[in-house]
Amino acid sequence: MEEMVDWRGNQVNPKRHGGVRATLFLYLLVVVRSSVNAANTNLVGFFRSTHNMTIARSVILSTNFGGATWILSIVGSFVADSYVGRFKAIFFFGPFEVLGYGLLAFQAHHSSLHPPQCNIKQNNANCESLQGWKTLLLYLGLFMVAIGEGFMRPSTPAFGSDQFDTNDPPQMKQNIRFFDFAAFATCFGATFGLVLLVWAQSFKGWNLGLGVCALFVLSGLLLGAFGSPFYRYRLPCGSPLTRILQVIVVAFKKRKIHVVPEKDVEDPELSDLSTDTNDGETLSHTKDLRFLDKASIYTGDTSAWSYCSISQVEETKSFLKMLPILFSSVLCYFPFALFFTLTAPVAATMNTHLRGVRIAPASLYAVSVIIQWIILVLYNRVITPLVARCTSSKYSNVTSHLVRAGVGFVFAMLATIVAALVERKRRMATDPKTLSFLWMLPQFILIGLMEVTSFVGLMEFFSNQLPERIRSLGSSMVFCIVGLSVWLDGAIVAVVSRVTKIGGDGIGWLDGRTFDTTRLDLFYGMLSVLEFVALLNFSFWARKYLQGQRSQ
């Protein structure tokens, strides 16, 4: 509470500032943000219909945008913790998202700012694609959206958690309940966006759909700003990434010291100088990654960039030992973004009527959200006790978190297999319009199960295993996994599109403007093989990590 102030910079009054009342304003912001983010899964349709892009180019642009948003979330978290604070990160950078959607809607509304309309459903259509300064206008709008969302995504839940004193047991329970309601608000907002916003974009025009997105985000920011007098504001106190970087830099500066004298490591004279002994947990020295131990050699200079305590060195070791889990999870997340960029456009080539009502294909993503909604409700009541019972041991928590993530990646592999079979059936049909788009439903159910199990499992794993002072990095590490995988998805599409042009008729698997000329069945089959190999790789590193934990 000593790090908290009110909106005027004075000491907070627990009866007036923070608590459940303050978080009510944030729930509304979560709802509108999640609804807009869910509608972004329909952007491939925007790039193809309004800007006449090919399938490969639209998928690459969509994945680049999604990856940039996730990576900027890490930047936003660092800036908020170190410099501006979480409130300013939300309400200063949030308007960039409003301006970005406004610019995209403006470009979609004025025909002079995008290529002439063209029937992209015809294979031989000679459609003019977006080029020149008009492309820069599109990129500017997307980049502004990515900046706004990237800074708000990590800061909103963290700012909500700041409204409770975690040292007070009743408020600690309210803090846990806040995250439960925030997850509920996210699912509700995503369902709303996938049903109504996607419908407006698909059937009422992209200018209207993107304009509504801008108004939604603006209304959420205004409603959230109304709660300013009731919030608690945490003063910027530095990022845990700085602590890790200090250890690496100091160890590098002392790399020429070949022997680490035991008497010079964590010199007893420094016990009163080190804040680590009084702030948070004290970690014991371990024998792993010994090259980092040189950072704790006392040479007379006690500045942060010349000396690090043993606890700080051990925090860095814990972080580095988790990197194999992080990078192996990136490979397992490959299908995640590709499902959300390719499936809806493919479903649009099928029969999208349900009981006589025309459904926007991207609304199928709501099935994935509903699955997550159900799993989140059952998670603490059924799944957690069951997994803990099956993995009962001293390290049951660590094991269960990794098992959950691994089960999610199995669902991802099954989703790619199902997607390949469904695409094969669609291609073999005389007229795809005779097939219902509900054939896509099983893969959406599987990808929903994958997201809720792997995302929650990895989030709990990193949060549980990271030391107290750098525990806030847990969410950033998961954001990094998703962001890198989404970016790599764009690279995979580009490589596959180019490599598969070699030989034959010179047409790649993802070439063309229609899905009649693509070989998505082969592409999904390739993803299934990659996902199987990635799962084996993840299992290897997870087992090695557990063995290392047991040996300590």
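Could you tell me whether the stretch 214-254 comes out rounded, prolate or oblate from its Cα gyration tensor? Rule is a ≥ b ≥ c as square roots of the eigenvalues, rounded for a/c under 1.5, then prolate if a/b exceeds b/c, otherwise oblate. Oblate, because a/c is 1.5 or more while a/b does not exceed b/c.
In this Cβ point-charge picture (+1 for Lys and Arg, -1 for Asp and Glu), the chain has a dipole of about 1320 debye about its Cα centre.
Other residues within the sphere of radius under 13 Å centred on the Cβ of LEU473, judged by their own Cβ, net out at 0 (K and R +1, D and E -1). Toward the positive end of the charge dipole of the stretch 74-168, with +1 on the Cβ of Lys and Arg and -1 on the Cβ of Asp and Glu, the farthest Cα among SER161, ALA80, GLY132 is that of GLY132. In the chain, helices alone account for a calculated mean residue ellipticity at 222 nm of -21000 deg cm²/dmol, with every DSSP H run of four or more residues adding -39,500 (n - 2.57). Apolar share of the accessible surface for the chain: 64 percent from carbon plus sulfur atoms, 1.4 Å probe.
The charge dipole of the stretch 275-344, taken about its Cα centre with unit charges on the Cβ of Lys, Arg, Asp and Glu (plus for the first two, minus for the last two), comes to roughly 360 debye.
Counting only Cβ charges, +1 for Lys and Arg and -1 for Asp and Glu, the dipole size of the stretch 1-137 around its Cα centre is about 260 debye. So, counting K/R as plus one and D/E as minus one, what does the shell of residues with Cβ under 15 Å around LEU289 add up to? Its environment carries a net charge of +4.
Pair-distance distribution P(r) for the stretch 1-99, from all Cα-Cα distances in 5 Å bins starting at 0: 2, 10, 14, 18, 17, 13, 9, 6, 4, 4, 2, 0 percent.
What share of Cα pairs, in percent, lie more than 32 angstrom apart in the chain? That tail contains 49 percent of the Cα-Cα pairs. Remark: the stretch 70-85, residue by residue, has Karplus-estimated 3J(HN,Hα) of 5, 5, 5, 5, 5, 4, x, 5, 5, 5, 5, 6, 9, 10, 9, x Hz, where x stands for each Gly or Pro and the curve is 6.51 cos²θ - 1.76 cosθ + 1.60 at θ = phi - 60°. Taking a Cβ cut-off of under 14 Å around GLY94, the surrounding Lys, Arg, Asp and Glu residues balance to a net charge of +2, with basic ones at +1 and acidic ones at -1. Projected onto their three principal axes, the Cα atoms of the stretch 142-233 cover extents of 51, 23, 22 Å, largest first.
Take the alpha carbon gyration tensor of the stretch 83-204, find the square roots of its eigenvalues, order them as a ≥ b ≥ c, and report rounded if a/c is under 1.5; if not, report prolate when a/b exceeds b/c, else oblate. Since a/c reaches 1.5 and a/b is larger than b/c, the shape of the stretch 83-204 is classed as prolate.
The values are calculated or read from the model by the stated rules, or taken from the named source; none is laboratory data. On a predicted model such as this, the values are computed, not experimentally measured, just so you know. We place every Cβ from the backbone using ideal geometry, glycine too, and count neighbours over all the protein chains shown. Heavy atoms of the whole protein, side chains included, go into the accessibility calculation; ligands, DNA and RNA do not. Shrake-Rupley method; radii C 1.70, N 1.55, O 1.52, S 1.80 Å.
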